[in-house]
1. Restricting the search to the range 25-65, which residues are in contact with an Asp or Glu (Cβ under 9 Å, 6 or more places away or on another chain) and in a loop (DSSP other than H, G, I, E, B)?
2. Name the residue, out of 70, 95, 86, 99, that is free of Cβ contacts under 8 Å to residues at least 40 places away in the same chain, exposed (fewer than 12 other Cβ atoms within 10 Å of the Cβ) and aliphatic (A, V, I, L, M).
3. Out of everything in the range 17-37 that is under 24 Å from the mean Cα position of the chain (by Cα) and of a type in the set (Gly, Ala, Ser), what residue ends up being surrounded by the fewest Cβ atoms within 10 Å (Cβ to Cβ)?
4. Please give the number of the condition residue 81 fails out of (1) open to solvent by 100 Å² or more (accessible area, probe 1.4 Å); (2) aliphatic (A, V, I, L, M); (3) assigned to a helix (DSSP H, G or I); (4) modelled with pLDDT under 95.
5. Looking at (1) of a type in the set (Val, Ile, Thr); (2) in contact (Cβ under 8 Å) with a residue 12 or more places away in the chain; (3) open to solvent by 70 Å² or more (accessible area, probe 1.4 Å), which is the only condition residue 55 fails?
6. Answer with yes or no whether residue 22 is at pLDDT 95 or above and in a helix (DSSP H, G or I).
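The values are calculated or read from the model by the stated rules, or taken from the named source; none is laboratory data. In this text the structure is predicted, and so the values were computed from the model without any measurement. Counting neighbours? That spans all protein chains shown, and the Cβs are built from the backbone with ideal geometry, glycine included. Each accessible area value is taken on the protein alone, full model and side chains, heavy atoms only, with ligands, DNA and RNA left out. Shrake-Rupley method; radii C 1.70, N 1.55, O 1.52, S 1.80 Å.
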Amino acid sequence: MNEVWLILGMFAITFGIRFVMFAFAGKITFPVWMQQSLKFVPPAVLTAIIVPAVVMPYGDMDISFTNVYLLAAIISVVISLVTKSLLKTIFFGMLVFLLLKLLIA
C-alpha cells in the first residue's frame, strides 16, 4: 500500500511541475537578459549528457583510438560542420558508429 502512495505522490509532483510550466507558458515574459541567457541552456545540458557518455563509455576515462564512441562523435561533428544538416549528421553518425563498432570492437 505504501508503494501506491509513493507512486501517486511522484505523479502529483511531476504533473504539478509540468502543469504549472504549461499553464503559464504564454502569460509570462522574461527580461531580455534572461531570454538571452536561456539560449545557452540546451547546448550546456546536451554537453553535460554527451561528453561523459563519449569519453567514459564504460565508466573509466578512455581517450584512445579504440574508443568507438569518441571516434564516432568526432566524425559526427565533422559531418555536421560540413553538411549543416541534423538528419544527415544523425544518419551518417550512426552509420559511422556501427561500422566502427563492427571493425574495432
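1. 56
2. 86
3. 25
4. (4)
5. (3)
6. Criteria not met by residue 22.
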